[in-house]
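S.K.: Below you'll find the structure I mean.
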Amino acid sequence: MLRRALPIFKKLLSGGGSTTTTTRCVTYMPRPGDGTPRPVTLIPGDGVGPLVTGAVEQVMEAMHAPVYFEKYDVHGDMKTVPPELIESIKKNKVCLKGGLMTPVGGGVSSLNLLLRKDLDLYASLVHCFNLQGLPTRHQNVDIVVIRENTEGEYAGLEHEVVPGVVESLKVITKFCSERIAKYAFEYAYLNNRKKVTAVHKANIMKLADGLFLESCREIASKYPSIQYNEMIVDNCSMQLVSKPEQFDVMVTPNLYGNLVSNIAAGIAGGTGVMPGGNVGADHAIFEQGASAGNVGNEKLVEQKKANPVALLLSSAMMLRHLQFPSFADRLEIAVKRVILEGRYRTKDLGGTSTTQEVVDAVIANLE
């Protein structure tokens, strides 16, 4: 009897006798009420923005994600942020945003900057990593750029002293430097990251960037398990394009972070696939991680071929932020499968697919 049963036991243990397989284990035990649908403020934005935010809406509906959107028609050429939009974000705590065009020159403030200041979204996070199936020059890239979001050159303190002479002030404070450094080290600690690199130009801006470095060193001393190093921004740019795998978490002042995150995104596959978000103590806005340089590309709008991957991955970050990790996992797995298969890709990834074709492929790959 035992001799006859032995092959059956072996077959069951090897999985040969099972008709179904489990691909995901439970990682989150919800509290009562955690599954209640959450309102999220949605800003479709300009240019390709409505295309990619529409993609997110379709995927969220297909996966029955516990969120619903409050949509606001806001554009980058507006002089101020509509009060009703600020009220909505303050109420909902979370916002998903398409690209907003920023006027160049002319003294018009960027709506992106105004939103970050009004809501004190002091930390910008961009995750740049290799996607399996997407060929890039460098492998093993997995960089998180954490950028101070409220001061520095982006403080917007400019004035014309006399005609033809403009003074622009760079503001660095200990308070803001310490809180962005603390955020970077907390992120590294909670996400099992090994190293934090502070990016600076303290060899020239000895007081401003010197204060930023001093703050980073003070915070680093409280996290002895995390390796800490410093790198001058110009050397950092060169190191990024030659040996990006050496970086883990990077913490930067405002302007440097904007440049570094775009370099890292370009190395890992392009701005069209890199997720990101801006977060403060009370509110968060999720959007394409690196600069949305294609936001005003009329050809992409006409052909409806904007890449929705970056915003889909950003919306997965949003779901995790809202404590819906299983939905975030499902979305990320589906997007990565589409990239790996390589059948549906937009032009920036070497394909010819439309936004809708990529969306349909993601929905078809949802578990």
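The values are calculated or read from the model by the stated rules, or taken from the named source; none is laboratory data. None of the values given here were measured: they were computed from a predicted structure. Quick reminder, even Gly has a Cβ in these numbers, built from the backbone with ideal geometry, and neighbours come from all protein chains shown. We work out accessible area using only protein heavy atoms, side chains counted, and drop any ligands, DNA or RNA first. Shrake-Rupley method; radii C 1.70, N 1.55, O 1.52, S 1.80 Å.
S.K.: Residues to consider are A184, A202, A198; find the one that is touching a residue at least 24 places away in the same chain (Cβ under 8 Å), assigned to a loop (DSSP other than H, G, I, E, B) and either open to solvent by 40 Å² or more (accessible area, probe 1.4 Å) or within 27 Å of I267 (Cα to Cα) (or both).
M.R.: A202
S.K.: Could you list, in sequence order, all residues of the range 207-232 that are loosely packed, with under 14 Cβ neighbours inside 10 Å and in contact with a helix residue (DSSP H, G or I) (Cβ under 8 Å, 6 or more places away or on another chain)?
M.R.: K222, S225, listed by residue number.
S.K.: Inspect all residues belonging to the range 52-66 and state whether any of them is open to solvent by 10 Å² or more (accessible area, probe 1.4 Å) and under 30 Å from L259 (Cβ atoms).
M.R.: Yes, the conditions are met somewhere in the range 52-66.
S.K.: The conditions are (1) of a type outside the set (A, V, I, L, M); (2) farther than 29 Å from V338 by Cα; (3) assigned to a helix (DSSP H, G or I), and E61 fails exactly one of them. Which is it?
M.R.: It is condition (2) that E61 fails.
S.K.: Now, a different point. Just one of the numbered conditions (1) in a strand (DSSP E or B); (2) buried (at least 20 other Cβ atoms within 10 Å of the Cβ); (3) of a type in the set (A, V, I, L, M) is not true of L121; which one?
M.R.: Among (1) in a strand (DSSP E or B); (2) buried (at least 20 other Cβ atoms within 10 Å of the Cβ); (3) of a type in the set (A, V, I, L, M), L121 violates only (1).
S.K.: Is there a residue in the range 273-287 that is touching a helix residue (DSSP H, G or I) at 6+ places or on another chain (Cβ under 6 Å), in a loop (DSSP other than H, G, I, E, B) and modelled with pLDDT under 90?
M.R.: So far as the range 273-287 goes, no, none of its residues is touching a helix residue (DSSP H, G or I) at 6+ places or on another chain (Cβ under 6 Å), in a loop (DSSP other than H, G, I, E, B) and modelled with pLDDT under 90.
S.K.: Return the pair list, or none, for Cβ contacts closer than 9 Å from residues in the range 31-51 that are under 16 Å from P308 (Cβ atoms) and among the hydroxyl-bearing types (S, T, Y) to residues that are at pLDDT 85 or above and open to solvent by less than 60 Å² (accessible area, probe 1.4 Å), at least 6 apart or on different chains.
M.R.: That search, which allows pairs on different chains as well, returns nothing.
S.K.: Could you check how many residues of the range 41-58 are charged (D, E, K, R) and in a loop (DSSP other than H, G, I, E, B)?
M.R.: Final tally of qualifying residues: 1.
S.K.: Considering only residues of the range 142-153 that are within 30 Å of Y344 (Cα to Cα) and surrounded by 19 or more Cβ atoms within 10 Å (Cβ to Cβ), which is farthest from the chain's Cα centre (by Cα)?
M.R.: I143
S.K.: Still on this structure: Of all residues in the range 193-227, which are within 19 Å of S237 (Cβ to Cβ) and among the hydroxyl-bearing types (S, T, Y)?
M.R.: The one that is within 19 Å of S237 (Cβ to Cβ) and among the hydroxyl-bearing types (S, T, Y): T197.
S.K.: May I pose another question? Which one of these is without any contact (Cβ under 8 Å) to a residue 24 or more places away in the chain and outside any loop (DSSP other than H, G, I, E, B): L312, L213?
M.R.: Values: L312 fails: without any contact (Cβ under 8 Å) to a residue 24 or more places away in the chain.
Exactly one residue qualifies, and that residue is L213.
S.K.: Looking at (1) farther than 20 Å from V144 by Cβ; (2) at pLDDT 90 or above; (3) in a helix (DSSP H, G or I), can you tell me which one D348 breaks?
M.R.: Evaluating D348 over (1) farther than 20 Å from V144 by Cβ; (2) at pLDDT 90 or above; (3) in a helix (DSSP H, G or I) leaves (2) as the failure.
S.K.: For residues in the range 346-367 being charged (D, E, K, R) and more than 17 Å from E302 (Cα to Cα), which is surrounded by the fewest Cβ atoms within 10 Å (Cβ to Cβ)?
M.R.: Result: E367.
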